[in-house]
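Down below is the structure, laid out as structure tokens.
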Amino acid sequence: MKIYLDGALVDSADAKISVFDHGLLYGDGIFEGIRLYGGNVFRLDEHLERLEYSAKAILLTLPWTRQQISDAVCETCRANGLRDGYIRLVVTRGVGDLGLSPWLCKLPSIFIIADKIALYPAKYYTEGLEIVTVATRRMNPAALSPAIKSLNYLNNIMAKIEARQAGALEAIMLNDQGFVAECTGDNIFIVHKGKILTPSAQQGALKGITRDEIFSIAKELGVPIEEHSLTRYDVWNADEVFLTGTGAEVIPVVKLDGRTIGTGAPGPIFGRVLESFRRRVLTEGTRI
Ligand code: PXG
């Protein structure tokens with residue numbers, strides 16, 4: 001496997017980062033998870049825009065243009081002979097010393113991994129996921145904006161561990177006021193009386209690229225959609241619930257905290273959204 005690392009493609013065995021890189025020492029860095037479908041990189045420009053926003057938020061100046069990063073992403077996919085896969089684009093603060101000071105890191109590092117994707121088993125798309133709410137809260141935006149896709153994922157990892165301990169593959173994280181924020185690696189949507197609702201970024205949701213796609217799909221389908229504060233009660237009593245993310249795509253939820261959602265089977269609006277999503281990923285994107 002070839003990895004793109006700081007301007008060159010290298011063998012995975014040689015793709016190494018210094019122990020003094022602040023991405024490792026402090027989680028000081030940002031990333032994107034991107035999908036390749038049939039030789040098209042899905043919503044590459046939107047991912048690179050979000051990377052730029054994350055970089056700006058942490059005062060990291062990207063020494064590459066959007067076009068250069070885009071070319072590097074495509075080159076990495078081609079070098080690995082991939083037509084479908086998962087792309088991990090990471091930018092770290094770079095090599096510094098043992099203090100926090102990011103200004104002592106002279107040059108950010110960039111690396112790109114393009115690999116096969118491990119999908120949720122197909123049965124969850126037809127039968128739905130059973131998920132739980134976990135005790136770990138989504139971090140307060142006043143401490144660290146959850147909109148920044150940073151290398152600090154411990155908050156989500158703690159929640160993921162709790163999910164697994166409860167026998168679930170995903171979990172809802174509440175914000176510090178007790179409203180639903182999102183899941184550990186997915187955004188959440190509910191359908192109630194024909195309307196699609198999802199928490200806003202202010203409530204702690206990451207501005208997911210897949211989430212944006214749902215807004216566009218809902219418009220196409222003529223289904224009303226809006227951002228709304230949601231409690232667990234709202235989710236328990238929804239007609240349908242589904243999650244979205246680059247890895248999961250659009251996946252239905254049929255149980256939360258032991259409460260059956262709707263009929264207990266994936267609902268009709270989910271079905272229409274998934275169909276549209278699967279069509280879009282095959283027909284849109286940046287050719288590699
Ligand atoms: N919320 C969080 C916290 C995420 O990390 C999403 C929502 C969905 O966003 P997108 O842009 O993908 O629609 C994410 C992103 C993985 C993995 O390897 C998945 C994500 C992040 C990091 C790793 O499964 N999902």
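Quick look at the numbers
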item	result
At 0.692 mPa s and 37 °C, Stokes diffusion of the stretch 99-147 via Kirkwood alpha-carbon radius, µm² per second	199
Longest exposed-site-free window of the chain, the sites being trypsin sites (Lys or Arg not before Pro) in a DSSP loop that have at most 13 other C-beta atoms within 10 Å	194-288
Pairs from Lys56/Lys116; Lys123/Lys255; Lys56/Lys207; Lys123/Lys193; Lys2/Lys149; Lys56/Lys149 whose Cα-Cα separation, in the structure shown, is over 19 Å	Lys56/Lys116; Lys123/Lys193; Lys2/Lys149
Accessible surface, per residue, of the chain when the full set of protein chains is kept, probe 1.4 Å, Å²	47
Descending semi-axes in Å of the stretch 133-288, equivalent ellipsoid built from Cα gyration tensor	23, 19, 15
Protein accessible area in the chain, 1.4 Å probe - carbon and sulfur %	55
The chain, relative contact order in percent, only Cα pairs under 8 angstrom and at least six apart counted	20
Label-point separation in nm, Leu144 to Thr283, each point 7 Å along Cα→Cβ	4.0
The stretch 219-249 versus the stretch 74-104: alpha-carbon centroid distance in Å	32
Reduced Cα scattering model of the chain, Debye log10 I(q)/I(0), q = 0.12, 0.16 Å⁻¹	-0.79, -1.32
Compactness relative to 2.2 N^0.38 Å, alpha carbon Rg of the stretch 12-126	1.17
Relative contact order (percent, whole number), the stretch 124-283, Cα cutoff 8 Å, 6+ residue spacing	25
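The values are calculated or read from the model by the stated rules, or taken from the named source; none is laboratory data. Keep in mind it's a predicted model, so treat the numbers as computed, not measured. Virtual Cβ from ideal backbone geometry, glycine too; neighbours counted across all protein chains shown. Heads up: the accessible areas ignore ligands, DNA and RNA and are worked out on the full protein's heavy atoms, side chains in. Shrake-Rupley method; radii C 1.70, N 1.55, O 1.52, S 1.80 Å.
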